[in-house]
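A.B. asks: Dropping the structure in here first, questions after.
Derivation of every value follows stated rules applied to the coordinates shown; laboratory data play no part. If you're wondering where the values come from, they're calculated on a predicted model, not measured in any experiment. Quick reminder, even Gly has a Cβ in these numbers, built from the backbone with ideal geometry, and neighbours come from all protein chains shown.
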Protein chains: 2
Amino acid sequence: MSRHPDRDQIRIESVLSALGSPVRLAVVRVLDAGGEHNCGSVLGLLGITAKSTMTHHWRVLRESGVIWQHPSGRENLLSLRRDDLDARYPGLLDAILAGADDDEALEKARRLMAVGGRDRSET
Amino acid sequence: MSRHPDRDQIRIESVLSALGSPVRLAVVRVLDAGGEHNCGSVLGLLGITAKSTMTHHWRVLRESGVIWQHPSGRENLLSLRRDDLDARYPGLLDAILAGADDDEALEKARRLMAVGGRDRSET
DNA sequence: TGCATTGTTCGGCAACTTTAGTACAGTCGA
DNA sequence: TCGACTGTACTAAAGTTGCCGAACAATGCA
């Protein structure tokens, strides 16, 4: 069931397209913030989504080399492959995570402006 | 015909999914290496592909905020939005471009090994 | 003005992605 | 051993992407 690529089998295109999805980027942010998670706990933090849907996303993240996924008891623990990603692509993950935070802050600020400052240009 | 996002409308997910494609990543590497290009010159460097296919890729790169595309005479000049990307996501573009170079070098080395060193594990 | 050049738009097609429902397999606790 | 729990496998529908040919628009040169 596994299929994790070795460190030197990771390709940047796969990493980028894996992270170029809102759901999967959110997963990676959760994993970066916390320690160990099982599938269900991440699923809870993201709000909705069916288990089978997430199984699909786990596979994309796993096969692109972004996460480790290993069974432990009846759970399947998830963790970021930070060491491998940092080794292959120094600064990439940090830049992406910082960028995601930045986007979120910017979005939040924009919403405040829309309420307090009379939004002028949006529909 | 344009539709370029403002700097603060750029979202990291769009950038990542734009660059998570071999063709578009190659385009960005070409733009990073050289100065100004028109559509045809990049198309030539990538080998094949129909013009209309590339028009599609230009749009993805343009609308995600990765490139500028502006008409000049009968050509359409392309350039990387390096300043905007660096401002929004410091280190991201450098990490990606370095990673792409690294992947390519690794791939090249692997091919040499396969010829000289008797490849053991591949199909 | 006529023609070649440059790239866009449009329509269609195949392949892939995302999502979810249902059924199932492994593990832990009672 | 039985049942609850965790997650995968399989299937399928809906949407998206990538690719291309043909027609079109804009420009510049002769």
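A.B. asks: Would you mind listing the helices (runs of 4 or more DSSP H) fully within the stretch A:40-122 where at least 2 residues are under 12 Å from the mean Cα position of the chain (by Cα)?
C.D. replies: Working: elements: A:51-63, A:82-88, A:92-116.
Here the list reads A:51-63, A:92-116.
A.B. asks: If I filter the stretch A:103-116 down to residues being of a type in the set (Asp, Glu) and more than 7 Å from every other protein chain (Cβ to nearest Cβ), which single residue comes out as surrounded by the most Cβ atoms within 10 Å (Cβ to Cβ)?
C.D. replies: Just the residues of the stretch A:103-116 that are of a type in the set (Asp, Glu), to begin with: A:103-104, A:107.
Narrowing further to those that are more than 7 Å from every other protein chain (Cβ to nearest Cβ): A:104, A:107.
On the way: A:104: 12, A:107: 10.
Looking at residues that are of a type in the set (Asp, Glu) and more than 7 Å from every other protein chain (Cβ to nearest Cβ), I get A:104.
A.B. asks: A further question follows. Kindly indicate the residue of the stretch B:16-41 that is at the interface with chain A (Cβ under 8 Å from one of its Cβ atoms) and out of contact with any Lys or Arg (no Cβ under 8 Å at 6 or more places or on another chain) and also farthest from residue B:62 (Cα to Cα) among those meeting that condition. Steps first, please.
C.D. replies: Here is the first cut: in the stretch B:16-41, the residues at the interface with chain A (Cβ under 8 Å from one of its Cβ atoms) are B:16-22, B:25.
Imposing the further condition that a residue be out of contact with any Lys or Arg (no Cβ under 8 Å at 6 or more places or on another chain) reduces the set to B:16-17, B:19-22, B:25.
Details: B:16: 13, B:17: 13, B:19: 12, B:20: 15, B:21: 14, B:22: 16, B:25: 13 Å.
Result: B:22.
A.B. asks: Just the residues that are within 15 Å of DNA strand C (Cβ to nearest atom), touching a residue at least 40 places away in the same chain (Cβ under 8 Å) and under 19 Å from residue A:101 (Cβ atoms), please, taken from the stretch A:28-48.
C.D. replies: Correct list: A:28 only.
A.B. asks: For the stretch A:59-68, name all the residues that are of a type outside the set (A, V, I, L, M) and either over 13 Å from residue A:39 (Cα atoms) or surrounded by 20 or more Cβ atoms within 10 Å (Cβ to Cβ) (or both). Before you say what the answer is, go through the steps one by one.
C.D. replies: Residues of the stretch A:59-68 of a type outside the set (A, V, I, L, M): A:59, A:62-65, A:68.
Selection gives A:62, A:63, A:64, A:65.
A.B. asks: Go through the stretch B:2-25 residue by residue and tally those that are more than 23 Å from residue B:90 (Cβ to Cβ) and either surrounded by 17 or more Cβ atoms within 10 Å (Cβ to Cβ) or in contact (Cβ under 8 Å) with a residue 24 or more places away in the chain (or both).
C.D. replies: Keep residues of the stretch B:2-25 that are more than 23 Å from residue B:90 (Cβ to Cβ), which gives B:2-3, B:21-23.
Applying the additional criterion that residues be either surrounded by 17 or more Cβ atoms within 10 Å (Cβ to Cβ) or in contact (Cβ under 8 Å) with a residue 24 or more places away in the chain (or both) yields B:2-3, B:21, B:23.
Residues meeting the conditions: 4.
A.B. asks: Can I ask one more? Could we say that residue A:76 is away from DNA strand C (no atom under 11 Å from the Cβ), more than 14 Å from chain B (Cβ to nearest Cβ), farther than 27 Å from residue B:107 by Cα and surrounded by 15 or more Cβ atoms within 10 Å (Cβ to Cβ) here? Full working, then the answer.
C.D. replies: On the way: away from DNA strand C (no atom under 11 Å from the Cβ): no; more than 14 Å from chain B (Cβ to nearest Cβ): yes; farther than 27 Å from residue B:107 by Cα: yes; surrounded by 15 or more Cβ atoms within 10 Å (Cβ to Cβ): yes.
Spelling it out, it is not the case that residue A:76 is away from DNA strand C (no atom under 11 Å from the Cβ), more than 14 Å from chain B (Cβ to nearest Cβ), farther than 27 Å from residue B:107 by Cα and surrounded by 15 or more Cβ atoms within 10 Å (Cβ to Cβ).
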